[in-house]
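Just below is one structure, and these are the notes that go with it.
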Amino acid sequence: MQFFLTFLSLALAFRTASAAAVSSRALPGFVQTNGTRFSLDGQKYTVVGANAYWISLAGLSNKDLDKSFSDIASMGATSVRVWGHNEMSEQYIYPAGIVYQIWSGNKAKVNYGENGLGYFDRVIASARKHNLRLIVALTSNYNQDYITGGINTYIKQVLGRDEFHEVFFTNSEIKSAYKSYVTAVVERYKEEATILSWELGHHLKCSVSWHPYNPKCSTEAITSWIQEMSSHIKTIDPNHLVAVGDEGFYNREGNSRWIYNGRDGIDFEANIALKSIDYGTFAYRPESYELRNTEEPLQWIEEHGKSQARAGKPVVLADIGLEIRESWLDKVVSSGIAGTLYWQAGSDGISLNMPFWFHGDSISTASTAYVNLRKHAEALKKQ
């Protein structure tokens with residue numbers, strides 16, 4: 001009996017030590033998870049703030065970078081979601097444009113210059129100055145008028161033609177190209193505590209509005225890709241959190257609604273269960289998601305709160321906008337959702353060095369929505 005108790009004690013001690021090793025894998029000063037919440041050096045950290053993809057692409061002066069981040073910080077933000085990518089064919093690069101990966105035919109090279117990752121260094125420095133941490137998306141489901149890169153760039157450059165988006169997740173050459181870029185970026189910033197997390201991509205899925213939908217789109221293929229890429233990042237960088245960056249679509253048998261039945265290749269619950277994924281993300285676009293009556297939009301939030309509890313990991317509403325109602329923000333808090341990022345921040349009176357369209361696609365600091373978001377940030381921090 002004594003031998004058994006001694007063995008059990010040693011086993012429990014080993015298990016505890018192993019768990020402690022996992023929870024303290026990052027260097028001090030890096031945001032981590034603690035159950036369904038985030039933490040920073042043993043204290044609660046609330047992920048609340050804004051999307052601002054244009055900040056890392058618009059070639060801003062240091063003065064305008066500081067103003068942009070200052071405006072975001074003024075609403076009580078702790079975190080900002082930005083693009084850590086812009087993969088462009090050399091024929092579409094315009095003067096003063098920021099491009100992080102330059103494609104020539106089916107070959108790509110990382111741009112470390114002042115109009116590439118050298119600029120991203122300045123973005124990080126300005127965010128740090130304003131006590132903000134960055135959630136960095138490593139690609140996007142969308143290519144915007146050859147101004148920003150994304151999945152289509154990889155597909156067209158590697159294959160030499162347009163294709164269903166599913167090939168991004170299954171073609172070995174495309175996967176290798178994406179992994180090569182991710183490796184370069186993650187290696188460069190793996191000890192930068194201003195970065196909160198890496199996101200594999202913005203709104204990753206098989207479909208895109210301007211391209212035919214592939215009926216063969218597979219949730220299994222995308223989940224396998226997520227596991228491969230997130231595990232790869234973890235082997236390089238033990239300090240930063242990793243998330244998918246998806247819209248939180250479910251894959252539930254017997255549900256006819258497309259946001260619940262896996263049609264777009266996303267299985268939120270399978271993806272957040274992966275060991276190499278630290279927290280979940282979802283978006284809130286009631287009209288786009290055909291959440292039409294009063295209750296359905298609120299149910300979408302509640303469902304992700306329940307998923308958070310089941311997974312035992314934080315879930316962040318990573319994209320809410322442009323219309324924002326107080327009742328929606330209240331539901332985020334009551335559902336226990338770990339964080340909120342609105343779409344998206346804007347900043348008046350700055351000089352954009354490229355044809356960016358964020359004006360009109362942003363929430364004014366003088367708006368009622370902005371006032372409500374400030375209150376919401378306070379409520380989340382009190383959770």
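Taken together, the values in this text are just the output of simple stated rules run on the coordinates, not laboratory data. All values reported here derive from a predicted model rather than from experimental measurement. Reconstructed Cβ throughout: ideal geometry from the backbone, glycine too, with neighbour counts over all protein chains shown.
Results, tabulated for the structure shown:
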item	result
In the range 214-265, the GluC sites (Glu not before Pro) that fall in loop regions by DSSP, at most 11 other Cβ within 10 Å	Glu253
Two-decimal Rg to Rh for the chain - Kirkwood Rh, Cα set	0.97
For Ile124, Ile236, order by how many other beta-carbon atoms lie within 10 Å, fewest first	Ile236, Ile124
Sparse-neighbourhood loop sites, chymotrypsin sites (Phe, Trp or Tyr not before Pro) in the range 82-141 - DSSP loop, at most 15 other Cβ within 10 angstrom	Tyr112
Derived scalar couplings ³J(HN,Hα) [the range 259-273; Karplus, 6.51 cos²θ - 1.76 cosθ + 1.60; whole Hz; x for Gly, Pro]	7, 10, 10, x, 4, 8, x, 10, 10, 3, 6, 5, 6, 6, 6
Residues Ile93, Ile222, sorted so that the one with the fewest Cβ neighbours within 10 Å comes first	Ile93, Ile222
Residue exposure sequence - Asp319, Asp330 - by fewest surrounding Cβ within 10 Å	Asp330, Asp319
Kyte-Doolittle mean at least 1.0, axial Cα span of 30 Å or more - DSSP H helices of the chain	2-23
In the range 266-361, the trypsin sites (Lys or Arg not before Pro) that fall in loop regions by DSSP, at most 16 other Cβ within 10 Å	Lys275, Arg292, Arg325
Ranked packing of 371-379, 74-82, most packed first, by mean Cβ within 10 Å	74-82, 371-379
For the range 38-382, share of DSSP beta bridges that run antiparallel, in % to the nearest 5	25
